[in-house]
Amino acid sequence: MAKPRLLMLDEPSLGLSPILSNKVIHTCEDIRKTGTTILMVEQKVTEVLKIVDKGYVLQRGRIIMEGKGEELLKSDMIRKAYLGYKGAR
């Protein structure tokens, strides 16, 4: 498929070195900029939320939060639960 409308990725950075992992995420960002919709499940929360239009946070199979990536990064709940921060910014 030369120009898919939707690209679905499950943990594309899993098992990769940090350099390759970052390259995969940046490549996804470039693909998104061409107009392709990307549905991605990823553990690298900080890196991915910086580039997404919209993010969903799942807990025990349920959506507990959704919003723009940058908004989710600023959420105290997300920062504590998923990014390891103990205090507010």
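The values are calculated or read from the model by the stated rules, or taken from the named source; none is laboratory data. If you're wondering where the values come from, they're calculated on a predicted model, not measured in any experiment. Heads up, the Cβs are rebuilt from the backbone with ideal geometry, glycines too, and the neighbour counts pull from every protein chain shown.
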In the stretch 1-25, what residues are outside any loop (DSSP other than H, G, I, E, B) and over 14 Å from Thr36 (Cα atoms)?
Asp10, Pro18, Ile19, Leu20, Ser21, Asn22, Lys23, Val24, Ile25
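Of the residues Val57, Val52, only one is at pLDDT below 90, surrounded by 12 or more Cβ atoms within 10 Å (Cβ to Cβ), under 15 Å from the mean Cα position of the chain (by Cα) and not in a helix (DSSP H, G or I); which? Lay out the reasoning, then the answer.
Values: Val52 fails: at pLDDT below 90.
Only one candidate passes the filter, namely Val57.
Is one or more of the residues making up the stretch 26-41 at pLDDT 90 or above and touching a Cys at 6+ places or on another chain (Cβ under 7 Å)?
Step one: list which residues in the stretch 26-41 are at pLDDT 90 or above, which gives 26-41.
Retained after the next criterion (residues that are touching a Cys at 6+ places or on another chain (Cβ under 7 Å)): 38, 40.
The answer is yes, given that some residue of the stretch 26-41 is at pLDDT 90 or above and touching a Cys at 6+ places or on another chain (Cβ under 7 Å).
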Selection count where residues are surrounded by fewer than 11 Cβ atoms within 10 Å (Cβ to Cβ) and not polar (S, T, N, Q), scope the stretch 31-49
3
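Can you name the residue in the stretch 60-71 that is of a type outside the set (Asp, Glu) and touching a residue at least 12 places away in the same chain (Cβ under 8 Å) and is also farthest from Ile38 (Cα to Cα) among such residues?
So the first thing to find is which residues in the stretch 60-71 are of a type outside the set (Asp, Glu), and the list is 60-65, 67-69.
Then keep just the ones that are touching a residue at least 12 places away in the same chain (Cβ under 8 Å); that gives 65, 67-69.
Values: Met65: 19, Gly67: 16, Lys68: 15, Gly69: 14 Å.
It comes out as Met65.
Just a yes or no: is a residue in the stretch 42-49 touching a Gly at 6+ places or on another chain (Cβ under 6 Å), part of a helix (DSSP H, G or I), free of Cβ contacts under 8 Å to residues at least 60 places away in the same chain and closer than 15 Å to Gly69 by Cβ?
Let us first name the residues in the stretch 42-49 that are touching a Gly at 6+ places or on another chain (Cβ under 6 Å), namely 49.
Add one more test, that the residue is part of a helix (DSSP H, G or I), and what stays is 49.
Now restrict to residues that are free of Cβ contacts under 8 Å to residues at least 60 places away in the same chain: 49.
After this cut, where a residue has to be closer than 15 Å to Gly69 by Cβ as well, the list is 49.
Checked the stretch 42-49: at least one residue is touching a Gly at 6+ places or on another chain (Cβ under 6 Å), part of a helix (DSSP H, G or I), free of Cβ contacts under 8 Å to residues at least 60 places away in the same chain and closer than 15 Å to Gly69 by Cβ.
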